[in-house]
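The block underneath contains the structure these notes are about, expressed in structure tokens.
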Amino acid sequence: MQKTRRLVLKRSPHMIEVRCMMHAFSTTMASVMGHKYATTLITRAQRIVTFFRASHQPLALLKKLAANMGIKRMLITSNKTRFTSVHASLESVVRLQNVLQEIAQQHELSCLLQLWPSSKMTCFLSG
């Protein structure tokens, strides 16, 4: 790839080399998301999303309580190929945090509270 780039620039000196900024940004984000704290946060959020999206009864309860609290957008899954999906997934868990805590308390799901135990992570995500 580097050799091809040099050949093209040598034959056409009027061309300007512009590298893909989104690729550079994606590479940087992958590096940041590889940090232990970020990995733990993303894994916990994904477990919560997977739990609710895999079962129709918990998802129905989540939708019902969210609607009662005036929240319209539901949990979003993430994937590795789109770095913006990780942000969307984390944001959806934070947005529904009160609903998730209500469900955990009503149905004695202490495992759910352990996945998202404190407001430290919420503060980290919201700025």
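Details
- Output for region 73-100, where each listed residue is part of a helix (DSSP H, G or I) and open to solvent by less than 60 Å² (accessible area, probe 1.4 Å): Phe83, Ser85, Val86, Ala88, Ser89, Leu90, Ser92, Val93, Val94, Gln97, Val99, Leu100
- Total residues in region 50-72, condition without any contact (Cβ under 8 Å) to a residue 12 or more places away in the chain and outside any helix (DSSP H, G or I): 3
- Some residue of region 60-72 being more than 18 Å from Ala30 (Cα to Cα), open to solvent by less than 20 Å² (accessible area, probe 1.4 Å) and under 10 Å from the mean Cα position of the chain (by Cα): no
- Of the residues making up region 10-58, those that are over 14 Å from the mean Cα position of the chain (by Cα), hydrophobic (A, V, I, L, M, F, W, C) and either under 30 Å from Gln97 (Cβ atoms) or open to solvent by less than 60 Å² (accessible area, probe 1.4 Å) (or both) are Ala24, Phe25, Phe51, Phe52, Ala54.
The values are calculated or read from the model by the stated rules, or taken from the named source; none is laboratory data. As the structure is a prediction and not an experimental result, all values here were calculated from the model. Because the Cβ atoms are built from the backbone with ideal geometry, glycine has one as well, and the counts that use them run over all protein chains shown. Surface accessibility is based on the protein's heavy atoms, side chains included, excluding ligands, DNA and RNA. Shrake-Rupley method; radii C 1.70, N 1.55, O 1.52, S 1.80 Å.
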